[in-house]
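S.K.: Once you've had a glance at the structure underneath, I'll fire off some questions.
The values are calculated or read from the model by the stated rules, or taken from the named source; none is laboratory data. Small disclaimer: the values here were computed from a predicted structure and weren't measured. Cβ placement follows ideal geometry from the backbone for every residue including glycine, while neighbour counts extend to all protein chains displayed. The area values use the complete protein model at the heavy-atom level, side chains included, leaving out ligands, DNA and RNA. Shrake-Rupley method; radii C 1.70, N 1.55, O 1.52, S 1.80 Å.
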Amino acid sequence: MNLDNVFYFKKIVDQNYPNANSSAVKIQPIVESTKKDLQKISDEDFCEIIVSCFIPDLYSGMGKREKLFTKLTELMVGEWWRRMGGEYRLSTKKSGTEDVELIYNNISIACDAKVFRLGRSQKAPNVKDFLKLASVKLWIDNLNQGYSKKHIDRHVIGGLVTYSSLHEWENDSEVYEECTNHDTPVIMLPYEILALLLKYRKNINLDKLIKLWNYDNNHVVTSRDKHNYWNYIKQYICELTSLSAKKFDDEMKQYHRTILLATAEYQKIIRSAIEQVHLDISEELNKYTEIELLREYALKAIVTRDNATALEYLKHIDAFRSYHDQDK
């Protein structure tokens, strides 16, 4: 694993925002520059970037750094589709539209590119925050109307939600019912699936890939059943890539190992921040060594207080971010 890949977008964000109080920068020039740089990266390195993509936990929520990181994630998904053989358009609107439009010949897919913190307080996001079918339908309708007005022979076949599987639902859920809805077909794919498809893209016919959204012809059953959804996705992708079920599972296990290694690196950042706070407080309290017991008590209390959020992140990562196939 290459740490330059794990922290590819973090380094870009940190260069533009050395600290949380840095002045706001223009995002579009950074996106354009990153777009050119990404195209120079090998598929192997790009796949590592994809599966290691998490918002750094110590970025302030909804702050400038998170906003830039999120936009770069959207670019990442567009670049993945370009490498697969398609074209893409990034949204220039702040809200109310798809993040990325994935285009191939006369079809289009409205994509919502999700990126999360590892230390968020829930195993999986709230379904209504993750996927709103009404919103996806609106995006699809707006895109189709735009093509119709411009007399462009293109139509939107459905939606795509990309995300980290470390934030997957543990059991059956409404999200799988939403993602097997025939009226507004929306596929949810974790980033290791995107990496797998890119790895085997020479085996893949994009005309066949887009038929994954054809729920009627593929006899997809609308259901909350987690196994039902992933069985459909796995079987289709195995056939698409000419992989056996065992080879698919082996590839997933390897990606999961990589993701967990990346997770450990993100944890190191949090622990390093905790240790730095400890050193800073210790240095300050060295002025009061004549009352040693009071000093030790104050040090422990202040370190715990000042690291409450970071310690919560570590607790959530340990509790929620794991794979059953990695259990010994």
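S.K.: If you take every DSSP beta bridge fully contained in the chain, what fraction is antiparallel? Give it as a percent rounded to 5.
M.R.: DSSP beta bridges in the chain are roughly 40 percent antiparallel.
S.K.: Sort the following peptides by mean Cβ neighbour count (other Cβ atoms within 10 Å, averaged over residues), highest first: 319-327, 229-237, 100-108.
M.R.: The most tightly packed comes first, giving 100-108, 229-237, 319-327.
S.K.: So what is the relative contact order for the stretch 66-167, in percent, with contacts set as C-alpha pairs under 8 Å and at least six apart?
M.R.: Taking the mean separation of contacting Cα pairs over the length of the stretch 66-167, I get 27 percent.
S.K.: Related question: From the Cα gyration tensor of the stretch 168-262, with a ≥ b ≥ c the square roots of its eigenvalues, which class applies: rounded if a/c is under 1.5, or else prolate if a/b is larger than b/c, or else oblate?
M.R.: oblate
S.K.: Using +1 on the beta carbon of Lys and Arg, -1 on that of Asp and Glu, and nothing else charged, what's the dipole of the stretch 184-328 about the Cα centre, debye to 20?
M.R.: 800 debye
S.K.: Using only alpha carbon pairs under 8 Å that are at least six residues apart, calculate the relative contact order of the stretch 126-235 and give it in whole percent.
M.R.: Details: 102 pairs, mean separation 31.2, N = 110.
Taking the mean separation of contacting Cα pairs over the length of the stretch 126-235, I get 28 percent.
S.K.: For K246, give me every one of the lysines with a C-alpha distance below 17 angstrom, ignoring sequence neighbours fewer than eight places off in its own chain.
M.R.: Qualifying lysines at Cα under 17 Å: K199, K234.
S.K.: Hand me the GluC sites (Glu not before Pro) from the stretch 256-328 located in a DSSP loop with no more than 10 other Cβ atoms within 10 Å, in residue order please.
M.R.: For GluC sites (Glu not before Pro) across the stretch 256-328 that sit outside H, G, I, E and B with at most 10 neighbouring Cβ atoms in 10 Å, the list reads E290.
S.K.: Answer rounded, prolate or oblate for the stretch 183-232, using the Cα gyration tensor with square roots of eigenvalues a ≥ b ≥ c: rounded when a/c is under 1.5, else prolate when a/b is larger than b/c, else oblate.
M.R.: Oblate, because a/c is 1.5 or more while a/b does not exceed b/c.
S.K.: Can you work out the accessible area per residue across the stretch 1-48, with the rest of the protein chains kept in place, probe 1.4 Å, in square angstrom?
M.R.: Heavy-atom accessible area per residue stands at 60 Å².
S.K.: Something else: Can you tell me the dipole magnitude for the stretch 2-121 around its Cα centre, using point charges on the Cβ only (Lys, Arg +1; Asp, Glu -1), in Debye to the nearest 20?
M.R.: Dipole size: approximately 500 debye.
S.K.: Let me ask something else about it. In the structure displayed, which of K71/K247; K93/K149; K208/K253; K132/K247 lie more than 31 Å apart, Cα to Cα?
M.R.: K71/K247; K132/K247
S.K.: Further, regarding this structure: If you roll a 1.4 angstrom probe over the protein chains with everything in place, what fraction of the accessible area of the chain belongs to carbon and sulfur, to the nearest %?
M.R.: Of all accessible area on the chain, carbon and sulfur atoms account for 49 percent.
S.K.: Which of the lysines could a cross-linker span from K300 if the Cα-Cα distance has to be under 28 Å and same-chain partners fewer than 8 positions apart are dropped?
M.R.: Reachable lysines: K268, K287, K315.
S.K.: For the stretch 62-137, report the accessible area per residue in Å² (1.4 Å probe, heavy atoms, rounded to an integer).
M.R.: Per-residue accessible area for the stretch 62-137 comes out at 41 Å².
S.K.: Averaged across orientations, what area in nm² does the convex hull of the alpha carbons in the stretch 1-141 project?
M.R.: Working: hull surface 37.4 nm².
So the mean shadow area of the Cα hull is 9.4 nm².
S.K.: What's the center-to-center distance, using Cα atoms, between the stretch 268-328 and the stretch 1-49 in Å?
M.R.: 29 Å
S.K.: How big is the antiparallel share of DSSP beta bridges in the stretch 74-220, given as a percent to the nearest 5?
M.R.: In the stretch 74-220, DSSP labels about 45 percent of beta bridges as antiparallel.
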